Structures are given as C-alpha cells and as structure tokens.
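K.L.:
Quick one: the structure is below, and I'll ask about it shortly.
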Amino acid sequence: MFISKKTIIIGFACFIILSFIFAPGFSKLQQIREQNRSVLQKIEKLKKENEQLKRQEREYREDFYIEKLGREILKMGKQGEIIYKIK
C-alpha cells in the first residue's frame, strides 16, 4: 500500500478547502457562545436584582416601615404624642 504524491496533494488541497469553508463558521459559533455566556450572566444578575426589589417592596408595604418614614422624614407623630425638635 503505497500512497502516491498525487493522493497526498489532493488530500491536502481538500483539507485546505474545507478549512476555508468551515473556519468562519466555527469562529462565528465561538462568538455566539461567548455572547450566550454574557447574556446568561446578565440574566442571573437581573434575577438577583429582581428578588432584592421584591423584598424591598414587601418591606415598604409593612406598617412598621411606613410609620418609620412618617416619623423620620415627615416629622409626624401618633395622635397625642408630643414631638420635640432638638437642634
């Protein structure tokens, strides 16, 4: 079984041609995979932020927090309370 030079040259030429055909596709595939990883990271970050905002929303709806805001920011008090302002 002797492989001729002509067969080797044809095989090498086919390899080069196929490389030119498939190399750009492979490069594009790698680029798409990288974009996919980036998008998945952004999704995870946004999910965490969404959970934090949901917790914050639940906190803001509680009477204790509303009372705290009224006392600290609006300087309000309960009926019958006397508020002293210290400077």
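What follows is calculated from the coordinates using simple rules that are stated; it is not laboratory data. Just so it is clear, the structure is predicted and the values come from calculations on it, not from any experiment. Methodologically, a virtual Cβ is constructed for each residue, glycine included, from the backbone with ideal geometry; neighbour enumeration extends over all protein chains shown.
K.L.:
Per residue of region 74-79, what does 6.51 cos²θ - 1.76 cosθ + 1.60 with θ = phi - 60° give for ³J(HN,Hα)? Whole Hz please, x for Gly and Pro, Karplus curve as stated.
P.N.:
Once rounded to whole Hz, the list reads 8, 6, 9, x, 6, 4.
K.L.:
Out of Ile17, Leu69, Gly80, whose Cα points farthest toward the positive end of the dipole of the chain (charges: +1 Lys, Arg; -1 Asp, Glu; placed on Cβ)?
P.N.:
Farthest towards the positive end: Ile17.
K.L.:
Output wanted: per-residue J couplings in Hz (rounded whole) for region 7-13, from phi through Karplus 6.51 cos²θ - 1.76 cosθ + 1.60, θ = phi - 60°, x for Gly and Pro.
P.N.:
Using θ = phi - 60°, the values come out as 5, 5, 5, 5, x, 5, 5 Hz.
K.L.:
For Lys87, give me every one of the lysines with a C-alpha distance below 23 angstrom, ignoring sequence neighbours fewer than eight places off in its own chain.
P.N.:
Within reach: Lys68, Lys75, Lys78.
K.L.:
Using only alpha carbon positions, build the gyration tensor of region 8-72, then give the equivalent ellipsoid semi-axes as the square roots of 5 times its eigenvalues, largest first, whole angstrom.
P.N.:
Semi-axes, largest first: 61, 7, 5 Å.
K.L.:
To the nearest 20 debye, what is the magnitude of the charge dipole of the chain about its Cα centre, counting +1 on the Cβ of each Lys and Arg and -1 on the Cβ of each Asp and Glu?
P.N.:
Roughly 300 debye for the chain.
K.L.:
I'd like the Karplus ³J(HN,Hα) series for region 57-69: coefficients 6.51, -1.76, 1.60, θ = phi - 60°, whole numbers in Hz, and an x wherever there's a Gly or Pro.
P.N.:
5, 4, 5, 5, 7, 6, 4, 4, 5, 4, 5, 4, 4
K.L.:
What distance in nm separates the two pseudo spin-label positions at Lys85 and Gln52, each 7 Å out from Cα along the beta-carbon direction?
P.N.:
The two pseudo-label positions are separated by 3.5 nm.
K.L.:
Reachable lysines from Lys45, Cα under 23 Å, same-chain residues fewer than 8 places away excluded?
P.N.:
Lys54
K.L.:
Then there's this: Pop the C-beta distance of Leu40 and Met76 into the FRET formula with R0 = 41 Å and round what comes out to the nearest 0.05.
P.N.:
0.30
K.L.:
In straight Cα distance, which aspartates and glutamates are under 13 Å from Lys85, not counting same-chain residues fewer than 8 positions off?
P.N.:
Those aspartates and glutamates meeting the cut-off are Glu72.
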